[in-house]
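To keep things clear, I will list the structure first and then write my remarks on it.
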Amino acid sequence: MIELNDLKLKVLNLLKEDARRTPALLATLLGTSEEEIKKAVSELEKDNVIVKYATVVNWEKVDDEKVTALIEVQISPERGRGFEGIAERIYLYPQVKSVYLMSGAYDLLVEIEGRNLREVANFVSERLSTIDSVLSTKTNFILKKYKQDGIIFEPHQEDKRLPISP
């Protein structure tokens, strides 16, 4: 675990809100020098605290159909490695976007992306279900994303229906 000073925590929070913020803007917002910001960001990147600068895309606005599924996976942990080895086997597939160790009714939550339902179904039946330690899977397809990473995709719209009285 890496101990972060106050400046680094503030930098992380500001970059999480908007990764396009420049060192100059961050320095102004935090009342410090641009060199201090560059040094802090460089250390955060070197320590693998900042892993990637990413864009949140509302794919419903783009003519690029994708299917995203969340798969609940029950597994039997491996002796000596627990869930780590199985999680690694799963996250190495290019279709897999995220893997989380969970508490509750299942062990891993796997997020995958495919071009269509059949591609996702084939991945589950041919790749995921065939892993020896996998006991069961339950696939949930995402029908619509309303909010992701704190970003609301569609602004709130007032209900314009007329009220009905009894």
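The values are calculated or read from the model by the stated rules, or taken from the named source; none is laboratory data. These numbers were taken from a predicted model, which means no experiment stands behind them. Reconstructed Cβ throughout: ideal geometry from the backbone, glycine too, with neighbour counts over all protein chains shown. Note: areas computed on protein heavy atoms with side chains; ligands, DNA, RNA excluded. Shrake-Rupley method; radii C 1.70, N 1.55, O 1.52, S 1.80 Å.
Does the range 1-22 hold any residues that are in a helix (DSSP H, G or I) and either in contact with a strand residue (DSSP E or B) (Cβ under 6 Å, 6 or more places away or on another chain) or open to solvent by less than 50 Å² (accessible area, probe 1.4 Å) (or both), and which are they? Walk me through how you get there before you give the answer.
First, the residues of the range 1-22 that are in a helix (DSSP H, G or I): 6-17.
Answer for the range 1-22, where residues must be in a helix (DSSP H, G or I) and either in contact with a strand residue (DSSP E or B) (Cβ under 6 Å, 6 or more places away or on another chain) or open to solvent by less than 50 Å² (accessible area, probe 1.4 Å) (or both): Leu7, Lys8, Val11, Leu12, Leu14, Leu15.
Farther than 23 Å from Val56 by Cβ, at pLDDT 90 or above and within 17 Å of the chain's Cα centre (by Cα), is that true of Leu108? Spell out the reasoning first.
Values: farther than 23 Å from Val56 by Cβ: yes; at pLDDT 90 or above: yes; within 17 Å of the chain's Cα centre (by Cα): yes.
Yes; evaluated as a whole, the condition is true for this residue.
Report whether or not Glu111 is among the acidic types (Asp, Glu) and within 30 Å of Asn13 (Cβ to Cβ).
Yes: the conditions hold for Glu111.
Counting residues that are in contact (Cβ under 8 Å) with a residue 40 or more places away in the chain, which strands (runs of 3 or more DSSP E) fully inside the range 57-119 reach at least 1?
Because the criterion is at least 1 residues that are in contact (Cβ under 8 Å) with a residue 40 or more places away in the chain, the strands (runs of 3 or more DSSP E) in the range 57-119 that meet it are 67-75, 108-114.
(1) under 30 Å from Leu9 (Cα atoms); (2) touching a strand residue (DSSP E or B) at 6+ places or on another chain (Cβ under 9 Å); (3) not in a helix (DSSP H, G or I): which one isn't true of Lys52, the others all being true?
(2)
Quick one: in the range 127-166, of everything that is hydroxyl-bearing (Ser, Thr, Tyr), in a loop (DSSP other than H, G, I, E, B) and modelled with pLDDT of 80 or more, which residue is least open to solvent (accessible area, probe 1.4 Å)? Please lay out each step first, then the result.
Let us first name the residues in the range 127-166 that are hydroxyl-bearing (Ser, Thr, Tyr), namely 129-130, 133, 136-137, 139, 146, 165.
Among the residues that remain, those that are also in a loop (DSSP other than H, G, I, E, B) are: 129-130, 133, 146, 165.
Of the ones still in play, those that are also modelled with pLDDT of 80 or more are 129-130, 133, 146.
Values: Ser129: 54, Thr130: 85, Ser133: 23, Tyr146: 155 Å².
Restricting to residues being hydroxyl-bearing (Ser, Thr, Tyr), in a loop (DSSP other than H, G, I, E, B) and modelled with pLDDT of 80 or more, the top hit is Ser133.
Answer with yes or no whether Tyr100 is open to solvent by 100 Å² or more (accessible area, probe 1.4 Å), among the hydroxyl-bearing types (Ser, Thr, Tyr) and within 30 Å of Thr55 (Cβ to Cβ).
Numbers: open to solvent by 100 Å² or more (accessible area, probe 1.4 Å): yes; among the hydroxyl-bearing types (Ser, Thr, Tyr): yes; within 30 Å of Thr55 (Cβ to Cβ): yes.
So Tyr100 passes the test.
Give the range 82-97 a look and list any residue that's farther than 17 Å from Leu135 by Cα and open to solvent by 60 Å² or more (accessible area, probe 1.4 Å), or say none.
The first filter runs over the range 82-97 and keeps only residues farther than 17 Å from Leu135 by Cα, leaving 91-97.
Selection gives Tyr91, Leu92, Pro94, Lys97.
Inspect the range 28-47 for any residue being open to solvent by 100 Å² or more (accessible area, probe 1.4 Å) and either within 15 Å of the chain's Cα centre (by Cα) or in contact (Cβ under 8 Å) with a residue 40 or more places away in the chain (or both) and give the result as yes or no. Spell out how you get there, then give the answer.
Step one: filter the range 28-47 for residues open to solvent by 100 Å² or more (accessible area, probe 1.4 Å), giving 28, 35, 38-39, 46.
From what's left, either within 15 Å of the chain's Cα centre (by Cα) or in contact (Cβ under 8 Å) with a residue 40 or more places away in the chain (or both): none.
No, there is no match, as no residue in the range 28-47 is open to solvent by 100 Å² or more (accessible area, probe 1.4 Å) and either within 15 Å of the chain's Cα centre (by Cα) or in contact (Cβ under 8 Å) with a residue 40 or more places away in the chain (or both).
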